[in-house]
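Some notes on the structure that comes next.
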Amino acid sequence: MNIKNYINGEFKNPVNNTWIDNYNPSDGMIYSQIPNSSREDVELAYCSAKSAFKQWSKTTLEERSRILIKISELIEANLERLAEAESKDNGKPISLAKAVDIPRSASNFRFFGNAITQFASESHESVGQDAINYTLRQSIGVVGCISPWNLPLYLFTWKIAPALAAGNCVVAKPSEVTPMTAYLLGEICNEAGLPKGVLNIVHGLGTTTGQAIIEHEDIKAISFTGGTATGAHIARVAAPMFKKLSLELGGKNPNIIFADCNYDDMLETTVRSSFANQGQICLCGSRIFVEASIYEKFKTDFVAKVKALNVGHPSKKDTNIGALVSKPHLEKVKEYIQIAKDEGGKILCGGNEILVEGFENGYYLEPTVIEVPTDDCRVNQEEIFGPVVTIMPFETEAEVLDMTNKVKYGLSATLWTNNLTRTMQMSNQLQAGIVWVNTWMMRDLRTPFGGVKASGVGREGGFEALRFFTEPKNVCIKY
Ligand SMILES: NC(=O)C1=CN([C@@H]2O[C@H](COP(=O)(O)OP(=O)(O)OC[C@H]3O[C@@H](n4cnc5c(N)ncnc54)[C@H](O)[C@@H]3O)[C@@H](O)[C@H]2O)C=CC1
Ligand SMILES: O=C(O)/C=C/C=C(\O)C(=O)O
């Protein structure tokens, strides 16, 4: 089956008729092809978006809201089909796609469909000067949304929904590794009555299609989620063109466990925060620091739970861990396991590729726990983005804070403790955009989402996203 570009409400082949193979990670087979769109395709998408902008930016908030909520309902109505497509394209367990990815994609549209009706601008009375200022929040125009492969429809819609709600028209590119649900979204948008050209989806490689989007002179804002190196490249290209930029990048998130925590909750959640989605979530807690007094107990209990996880075909109900997203990614993760061994790390469990019966060419890897001798080893400093975590003990708050803040990343941190003073003090000092205390990845879509340092620039979510996708203009009236 060939995936096509979605431009001006129609499905089109790429102008230069160049295609890329799309692999099913669970069996390593090519199962579809996608366009490797060129500058010409991006230009067609841009022109279609530009024509639609005049009308869409003037469409009432109620009408925009109605359409976005309709899209949300149609995503829900297509739950099974979308979850199957996501699981096949990405390798994630179908149970996860059904419970998390697709419902959250629907929530993204519903949330921003509602949020835009509550979004208000400010006014400032200049007392004593007989003047009033009011600030308009105007749609930007045509914006670019570029998303990664780990949470394909979830992150694609997390960008598109606020962009559309704010009255922009969009040229969007999903990851070339997981294009299928973005393709299906085009059909849903047509059925929901989204006017032609408001959303345009171009498929292809980052270096061709993505590059054409970020270099386009008239695409005025770029919202990107993906690797830090790619984010830095996008900034180098787009910042001198004065584009607005939202960059949500990698992480090397600490999971800090104190002896006074609720142990059972902590243990269960830590297995999830380590290995959910095969560890391929930028928020996964890939560095586990445990207070020395419970370190040996934690090590034994954690390893036992990890060994019990079921690695298998994504379509099977009892699969906890599916396939990694691609062969090159599997190789990258395996290289890090070798690096850990070379650096003196001890593999407590996992570390090997798995041959799943009947799917021997799939990209399966055992969930891996590595005990590291020091915090400054490469596996504790660099993003692996797979089912691999490190563990090590700590003695004091000061020591663990120092280790957690020493990495170049600063996305999220999880703290397990029942000590209120410690919670407040550490939350203040952790260099991260998001801190979870006694939980992980509990999401409220109104909250600011994003990181500091090499984890990115800007915040997504709630009104932050609507602010990003609008341009403020202050009007000062003297009376
Ligand atoms: N959410 C996250 O934090 C993610 C982090 N990563 C990290 O990045 C590493 C590399 O993974 P990749 O798949 O290569 O991610 P990537 O960052 O290269 O890809 C993300 C998106 O950016 C696009 N892209 C790539 N080059 C571009 C360019 N020059 N201009 C515009 N768009 C471009 C891709 O086509 C894709 O749609 C992973 O191993 C992982 O460590 C990857 C995906 C998601
Ligand atoms: O918005 C969320 O709930 C999760 C976002 C996750 C990422 O951005 C990621 O893994 O890249």
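The values are calculated or read from the model by the stated rules, or taken from the named source; none is laboratory data. Just so we're clear, the structure is a prediction, and the values are computed from it rather than from any experiment. As a convention, Cβ positions derive from the backbone with ideal geometry for all residues, glycine included, and neighbour counts pool all protein chains shown.
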Inset, instruction - State which residue is surrounded by the fewest Cβ atoms within 10 Å (Cβ to Cβ) when the search covers only region 333-364 and only residues that are assigned to a strand (DSSP E or B) and among the aromatic types (Phe, Trp, Tyr). - result: PHE359
Legend entry - Any pair with Cβ under 6 angstrom, 6 or more apart, that starts in region 424-451 at a residue that is free of Cβ contacts under 8 Å to residues at least 24 places away in the same chain and under 18 Å from GLU268 (Cα atoms) and ends at one that is more than 16 Å from ligand 1 (Cβ to nearest atom) and assigned to a strand (DSSP E or B): VAL437/LEU415
Inset, instruction - Quickly run through region 24-56 and pick out the residues that are surrounded by fewer than 23 Cβ atoms within 10 Å (Cβ to Cβ), part of a strand (DSSP E or B) and touching a helix residue (DSSP H, G or I) at 6+ places or on another chain (Cβ under 8 Å). - result: ASN24, TYR31, SER32
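Quick one: in region 423-445, of everything that is among the hydrophobic types (A, V, I, L, M, F, W, C), more than 10 Å from ligand 2 (Cβ to nearest atom) and touching a helix residue (DSSP H, G or I) at 6+ places or on another chain (Cβ under 8 Å), which residue is nearest to ARG110 (Cα to Cα)?
Of region 423-445, the ones among the hydrophobic types (A, V, I, L, M, F, W, C) are 424, 426, 430, 432, 434-437, 440-442, 445.
Next, from what is left, pick out any that are more than 10 Å from ligand 2 (Cβ to nearest atom): 424, 426, 430, 432, 435-437, 440.
Now restrict to residues that are touching a helix residue (DSSP H, G or I) at 6+ places or on another chain (Cβ under 8 Å): 426, 430, 435, 437, 440.
Numbers: MET426: 35, LEU430: 32, VAL435: 26, VAL437: 27, TRP440: 23 Å.
Checking each candidate, the answer is TRP440.
Mind counting the residues in region 1-29 that are more than 25 Å from the chain's Cα centre (by Cα) and at pLDDT 95 or above?
13
GLY144 - would you say it is away from ligand 2 (no atom under 16 Å from the Cβ) and in contact (Cβ under 8 Å) with a residue 40 or more places away in the chain? Working first, answer last.
On the way: away from ligand 2 (no atom under 16 Å from the Cβ): yes; in contact (Cβ under 8 Å) with a residue 40 or more places away in the chain: yes.
In short, yes.
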Inset, instruction - Tell me, yes or no, whether region 60-69 has at least one residue that is in contact with a Phe, Trp or Tyr (Cβ under 6 Å, 6 or more places away or on another chain), among the polar types (S, T, N, Q) and either farther than 21 Å from MET441 by Cα or in the same structural domain as ASN361 (by TED's automatic domain parsing) (or both). - result: no
Inset, instruction - Would you please name the residue that is farthest from GLU10 (Cα to Cα), looking only at residues in region 146-175 that are within 14 Å of ligand 1 (Cβ to nearest atom) and either in contact with a Phe, Trp or Tyr (Cβ under 8 Å, 6 or more places away or on another chain) or among the small types (Gly, Ala, Ser) (or both)? - result: ASN150
Inset, instruction - Scan (1) out of contact with any helix residue (DSSP H, G or I) (no Cβ under 6 Å at 6 or more places or on another chain); (2) farther than 20 Å from GLY227 by Cα for the single condition VAL369 breaks and write down its number. - result: (1)
Inset, instruction - Kindly indicate whether ASN78 is touching a Cys at 6+ places or on another chain (Cβ under 8 Å) and crowded, with 17+ Cβ neighbours inside 10 Å. - result: no
Inset, instruction - Among the residues of region 255-309, count how many are more than 20 Å from GLY322 (Cβ to Cβ) and within 16 Å of ligand 1 (Cβ to nearest atom). - result: 1
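Please return the ranges of strands (runs of 3 or more DSSP E) entirely within region 85-191 where 2 or more residues are surrounded by 23 or more Cβ atoms within 10 Å (Cβ to Cβ), within 14 Å of the chain's Cα centre (by Cα) and modelled with pLDDT of 95 or more.
Details: elements: 123-126, 131-139, 142-146, 169-173.
Result: 142-146.
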